[in-house]
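K.L.:
For reference, the structure I am asking about is given below.
Laboratory data are not the source of any read-out in this text; all were calculated from the coordinates shown. Keep in mind that this is a model prediction, so the values were computed, not measured. Every residue, glycine as well, gets a Cβ built from its backbone with ideal geometry; the counts of neighbours run over all protein chains shown.
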């Protein structure tokens, strides 16, 4: 839950950024944070995943696992941070195409190191199922980040440097807060043999994780190369609004796996999963239509007591890609649903290949579409890449664990959603016309599918 809250807060800072920072400057922030998403994977090197797998195991020596993790989790980020700091000028040029942002790279390296060091204790909380302690530290970080951003970016007018400084200070303070807990649990019971075993488990996660991150970020660099900093800034800012719309998909993905594993042995579980898929599809169709019809009004909502809007004026032109970004995450939602068969049969060998295929398609689509269509092409490229995932996954998972999905109903939902999208795409509608069309489309979309279904009884199947 704290991670989802963190995403919401990150979105809530977007109006602050887009009303104060111009797209050209915001592009630098977007490019560096795209690099951060990949760099932070190398600051932990899978040791966090390995700890959460080994530590709860009753057959493992907890003291040895903790001691090994503690030593490794301290050495790896300090070493990685030292290397990046030494070459910070070269890294800055590689990431932004300029050597004028070395100070931002230094701050970035700093909060990456402190975030990774603070993660040591947070992972121990997770391994011991201390959800309250884990969430408390995460929320403190979120609170500090928001307050410091408001002070440094809004009041002190520090621009993007204020964003990086706020994150650095927040990470440093949270790390200081973890030190007393760290000292109470200090252990140097390091085992080289156990370290090798844990890294053998954790490192294979890196290629998949890197591919997932690249799938979401590589288009920024295509935009920078083929178009302009301004387009990078607009695209990066508006993309977050599409991501907010997709928070339901992200939250659903987190809860779907334990739900499936807990119920797959029940009688008629396949029918239950099929029915839930229909409701899931209906909800996503309604969400998409709502965003498609009202995105123009939503981004122009004024922020009370300021002269700003939910999305800064200089970024309004990019709001047209929000429904496209949402379509990508809807496709990802279907993919997350369909891999239920892999959860149940513990056969996940194909997941990495599917991720690599999506990344390959994304790169090719970016290469073809971005030079001509700019950030609109980037949005479509991401959608196409995510669409590949459920299309490829469906026949594979049906071999492992067949689920009798109602494909005719699903096809009707997709067709009706496309049909009901036409009024807003073809005609210039005012707000009241949009409201009328949307309510009418929802009635015709939902009523035929819900009138004979018992939602309450579904989960008792």
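K.L.:
Quick one: what do you get for segment 204-269 if you divide its Cα Rg by 2.2 N^0.38 Å? Can you show the working numbers first?
P.N.:
Working: Rg = 17.9 Å, N = 66, 2.2 N^0.38 = 10.8 Å.
Normalised Rg, Cα atoms only: 1.65.
K.L.:
Another question, then. Contact order normalised by length for segment 227-458, with contacts defined as Cα pairs under 8 Å and 6 or more residues apart; what percent is it?
P.N.:
Details: 210 pairs, mean separation 69.1, N = 232.
RCO, segment 227-458: 30 percent.
K.L.:
Oh, and also: Using helices alone, I'd like the mean residue ellipticity at 222 nm for the chain: each DSSP H run of four-plus residues gives -39500 (n - 2.57), total over residue count, nearest 500.
P.N.:
Values: 20 runs with 366 residues, N = 461.
Calculated mean residue ellipticity at 222 nm is -27000 deg cm²/dmol.
K.L.:
Taking every alpha carbon pair in segment 267-403, what does the distance histogram look like in 5 angstrom bins from 0, in percent?
P.N.:
Percent of Cα pairs in each bin: 2, 9, 15, 16, 15, 14, 11, 8, 5, 3, 1, 0.
K.L.:
Can you tell me the Rg and the Dmax, both Å, for the Cα atoms in the chain?
P.N.:
When restricted to the Cα atoms of the chain, Rg and Dmax are 23.3, 69 Å.
K.L.:
Give me the Å³ per residue figure for the convex hull around the C-alpha atoms of segment 231-320.
P.N.:
Working: hull volume 10.8 nm³, N = 90.
So the per-residue hull volume is 120 Å³.
K.L.:
Could you work out how far apart the two model spin labels at residue 25 and residue 156 are, taking each label as a point 7 Å from the Cα in the direction of the beta carbon, and quote it in nm?
P.N.:
Modelled inter-label distance: 1.4 nm.
K.L.:
Would you mind estimating how fast segment 328-398 diffuses translationally, via Stokes-Einstein at 10 °C and 1.306 mPa s with the Kirkwood radius over Cα pairs, in µm²/s?
P.N.:
On the way: Rh = 12.5 Å.
Diffusion coefficient, whole number: 127 µm²/s.
K.L.:
Report relative contact order for segment 2-203 in percent, whole number only (criteria: Cα-Cα under 8 Å, sequence separation at least 6). If you can, show how the numbers build up before the last one.
P.N.:
Working: 214 pairs, mean separation 68.6, N = 202.
Normalised by residue count, the contact order of segment 2-203 is 34 percent.
K.L.:
How would you rank 306, 397, 278, going from fewest to most other Cβ atoms within 10 Å of each one's own Cβ? Walk me through the intermediate numbers first.
P.N.:
On the way: 306 11, 397 24, 278 18.
Arranged by neighbour count, lowest to highest, 306, 397, 278 become 306, 278, 397.
K.L.:
What is the Cα centroid distance between segment 306-361 and segment 380-418, reported in whole angstrom?
P.N.:
14
K.L.:
To continue, here is another question. Using only the Cα atoms of segment 282-328, construct the convex hull and provide its projected area averaged over every direction, in square nanometres to one decimal. The partial results should precede the final answer.
P.N.:
Values: hull surface 14.3 nm².
Taking the Cα atoms of segment 282-328, their convex hull projects to 3.6 nm² on average.
K.L.:
So, R0 is 30 Å and r is the distance between the beta-carbons of residue 446 and residue 257; what FRET efficiency does that work out to, to 0.05? Present the calculation step by step, with values, prior to reporting the outcome.
P.N.:
Numbers: r = 27 Å, r/R0 = 0.91.
So, using R0 = 30 Å, E works out to roughly 0.65.
K.L.:
Ok, one more. State the Kirkwood hydrodynamic radius of segment 227-458 in Å, one decimal place, computed from all pairs of distinct Cα atoms.
P.N.:
Working: mean 1/r = 0.0517 Å⁻¹.
Hydrodynamic radius (Kirkwood, Cα pairs) of segment 227-458 is 19.3 Å.
K.L.:
Under 8 Å for C-alpha pairs, at least 6 residues apart: give me the relative contact order for the chain, rounded to a whole percent. It would help to have the intermediate numbers written out before the result.
P.N.:
Details: 544 pairs, mean separation 95.8, N = 461.
For the chain, the relative contact order is 21 percent.
K.L.:
Given the Cα-Cα distance of residue 203 and residue 433 and 0.36 nm per residue of separation, how much length would full extension add, in nm? Let's see the in-between values first.
P.N.:
Values: separation 230, 0.36 × 230 = 82.80 nm, distance 5.41 nm.
Using 0.36 nm per residue and subtracting the Cα-Cα distance, I get 77.4 nm.
K.L.:
Something else: Given a Förster distance of 22 Å, report the FRET efficiency between residue 12 and residue 176 from their Cβ-Cβ distance, rounded to the nearest 0.05.
P.N.:
Numbers: r = 25 Å, r/R0 = 1.15.
FRET efficiency, residue 12 to residue 176: 0.30.
K.L.:
Counting other beta carbons within 10 Å of each residue's own, what order do 449, 427 fall into, fewest first?
P.N.:
Ascending Cβ contact count within 10 Å gives the list 427, 449.
K.L.:
If Rh is defined by the Kirkwood formula over all Cα pairs and Rg also comes from Cα, what ratio Rg/Rh do you get for segment 2-203? Each step should come with its number before you reach the end.
P.N.:
Details: Rg = 17.9 Å, Rh = 17.9 Å.
Using only Cα positions, Rg/Rh for segment 2-203 is 1.00.
K.L.:
For a quick check: sort 126, 220 by the number of other beta carbons within 10 angstrom, fewest at the front. Don't skip to the answer; put the middle values down first.
P.N.:
Values: 126 18, 220 24.
The order, fewest Cβ neighbours first, is 126, 220.
K.L.:
Another question, then. At R0 = 25 Å, how high is the FRET efficiency between residue 266 and residue 129 if r is their beta carbon distance? Nearest 0.05 is fine. Show your work: numbers first, answer last.
P.N.:
Working: r = 26 Å, r/R0 = 1.02.
It comes out at approximately 0.45.
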